[in-house]
Structures are given as structure tokens and as C-alpha cells.
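We did not get these values from a lab; they are worked out from the coordinates using the rules stated. Predicted model, so just to flag it, every value in this text is computed and none were measured. Backbone-built Cβ (ideal geometry, glycine too); neighbour counts: all protein chains shown.
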Amino acid sequence: GIQVEQSPPDLILQEGANSTLRCNFSDSVNNLQWFHQNPWGQLINLFYIPSGTKQNGRLSATTVATERYSLLYISSSQTTDSGVYFCAVAASGTYKYIFGTGTRLKVLA
Amino acid sequence: DSGVTQTPKHLITATGQRVTLRCSPRSGDLSVYWYQQSLDQGLQFLIQYYNGEERAKGNILERFSAQQFPDLHSELNLSSLELGDSALYFCASTILGQLTDTQYFGPGTRLTVL
């Protein structure tokens with residue numbers, strides 16, 4: 001099955017810094033999503049981005065499907081950005097999501 | 001508040017027992033997803049329903065079953081529980097169950113099997 005790898009596993013930033021999180025996947029996908037799990041456990045769906053680039057406020061994401069990776073950019077980070085960021089993919093022709101192990105982000109005030 | 005509710009919030013039970021987790025989707029959403037999050041396995045997709053019908057099945061064990069009722073709420077049944085079933089169980093709902101839909105997650109049910 002598809003393998004999903006995220007890097008880095010852990011990231012500590014000062015408030016105001018920028019960061020790039022990476023998601024590599026091993027096969028063709030027809031769905032890629034980014035999620036954020038805050039320190040209280042709540043999951044939020046950030047982006048549906050099987051290809052191309054999307055932006056939502058200080059967050060943006062780019063997926064290069066032909067090279068099998070996606071990047072999540074966080075600019076001017078805030079303490080509320082802390083938590084774990086997951087990418088999840090579904091192989092072409094399926095709805096079965098496979099999650100990466102996540103990047104744990106801590107933003108210091 | 002995502003609009004998705006899950007009950008109970010916490011559940012403690014013993015090995016070999018059976019439990020039922022409940023999920024009520026956002027008003028108007030037709031599709032429900034179930035996920036398991038454990039320290040060992042990370043986040044795993046279990047199963048998806050759309051308007052009462054199963055649409056996709058992930059890593060759901062045979063001891064587990066789910067259904068979506070005519071009022072669109074969903075239940076996840078876990079039987080013959082093992083220590084390794086201890087986890088956080090999330091449900092999420094979407095409007096049409098399409099891959100492009102945004103998923104809205106409930107707060108989760110924390111299951112502890114002793």
C-alpha cells in the first residue's frame with residue numbers, strides 16, 4: 001500500500017517565524033489533505049490539495065503530484081499554531097485515507 | 001465547535017466487553033467517517049458511510065462494525081475488546097462524502113480497555 005512520510009517529526013519555533021512541513025507519498029493519489037490537531041486533541045481539516053497551490057490566511061499548501069510530495073507553509077507562526085500536522089492521502093480510485101505520522105509543532109511566545 | 005457530536009466522551013471498560021460509540025453529524029451532512037488514533041498505530045481511517053450506505057472501508061477489524069441510521073447518526077460497535085483497542089475514536093462528517101469535501105471532526109471518544 002501507499003506509504004506516507006512526514007518531515008520533520010518535531011519542530012520548535014519562535015513566534016513570528018516561518019516553517020515548511022513536508023509530506024512524501026509513495027504512489028499516485030487522487031486526494032491529499034492536511035489536518036491540524038491542536039494540543040487539546042481537536043482535529044481540523046486545513047486543505048484539500050491533490051495538486052497545485054492553495055492559501056488560507058497565513059497557511060498555504062503546495063502539492064506536486066508528479067513528484068509525490070506536498071508542502072505546508074506556515075508564515076508568521078503564532079502559539080495557536082502549535083499541535084500536530086498530519087497529511088493524509090487516498091490512492092487513485094479509492095476513498096481510503098492513509099495518514100502520515102505527523103509533524104509536531106511547538107511555537108514559543 | 002464543529003457541529004459534530006460524539007458520545008460518550010470517555011469510556012472505560014474491561015477486556016472482552018462490547019461498547020458502542022455514537023456520532024451525530026453536522027446538520028445537513030450526509031456522510032460520516034470513523035477514525036482511530038492510538039499511540040501504536042497513529043491515525044487510521046476505519047470506515048465511511050454515505051446516506052446510510054457503506055462507501056469505503058479502511059483498517060477496520062472484524063470485531064468492529066458500524067452503521068449509519070436513517071436519521072444519519074452513526075454508531076461504531078467494538079466487541080471482544082482487547083487492551084490494544086484503547087484509543088481515541090473520532091468521527092467526521094461531510095456534506096456529500098466526496099473527496100473534495102471538508103471534513104468536520106467531533107471531539108472524539110477516549111476508550112480505555114483495562
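Here are a few things to note about the model shown:
- Dipole magnitude for the range B:6-114: computed about the Cα centre from +1 point charges on Lys and Arg Cβ and -1 point charges on Asp and Glu Cβ, it is near 200 debye.
- Sequence-distant contacts, meaning Cα pairs under 8 Å at least 6 residues apart, place the relative contact order of chain A at 38 percent.
- Environment charge of B:ALA87, counting only residues whose C-beta is closer than 10 Å and scoring Lys/Arg +1, Asp/Glu -1: -1
- Karplus (6.51, -1.76, 1.60) ³J(HN,Hα), θ = phi - 60°, over the range B:51-64, in Hz, Gly and Pro reported as x: 6, x, 10, 5, 10, 8, 10, x, 8, 8, 6, 5, 6, 9
- The protein assembly as shown: Cα Rg divided by the 2.2 N^0.38 Å rule of thumb: 1.01
- Summing Lys and Arg as +1 and Asp and Glu as -1 over all other residues whose Cβ lies under 10 Å from the Cβ of B:LEU78 gives a net charge of 0.
- Taking every Cα-Cα distance in chain B and sorting them into 5 Å bins starting at zero, the pair-distance distribution P(r) comes out as 2, 13, 24, 26, 19, 10, 4, 1 percent.
- Over the range A:34-79, all Cα pairs binned in 10 Å intervals from 0 give whole-percent P(r) values of 26, 51, 22, 2, listed from short to long.
- Here B:LEU114 and B:GLN67 are evaluated by their C-beta separation; at R0 = 30 Å the FRET efficiency comes out at 0.65.
- Only aspartates and glutamates eight or more places from A:LYS106 in sequence, or on another chain, were considered; those with a Cα closer than 14 Å are A:ASP10, A:GLU15, A:ASP81.
- Neighbourhood net charge (14 Å Cβ-Cβ; Lys/Arg +1, Asp/Glu -1) for A:THR101: -1
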